[in-house]
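Please read the structure below before turning to the comments.
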Amino acid sequence: MLNLMLEHLRVIRADLAVVRDDVREIKHRQNEMARQIVGLRRDQVGERRLGLLDEPSA
């Protein structure tokens, strides 16, 4: 009985490791998208300052 429980715990730990890796990858992708959005916003601000982009309407 103890061996069966230990085997189940091993499977749970293995699944948890996979989930942990997936979450790490998702966080990495989210951070990369956030950096890209910041870059786009900076580009828009720069274009507005140069008069290349219309001001947004309120």
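List of remarks:
- Against the main long axis of the alpha-carbon atoms of the chain, helix 2-49 sits at an angle near 0°.
- For R41 and A17, the FRET efficiency from 1/(1 + (r/R0)^6), where r spans their Cβ atoms and R0 equals 35 Å, is about 0.45.
- Convex hull per residue volume in Å³, alpha carbons only, for the chain: 78 Å³
Read-outs throughout are calculated quantities, based only on the coordinates presented, and are distinct from any laboratory measurement. Everything numeric in this text was worked out from a predicted model, so none of it was measured. In this analysis, Cβ positions are derived from the backbone assuming ideal geometry, glycine residues included, and neighbour counts consider all displayed protein chains.
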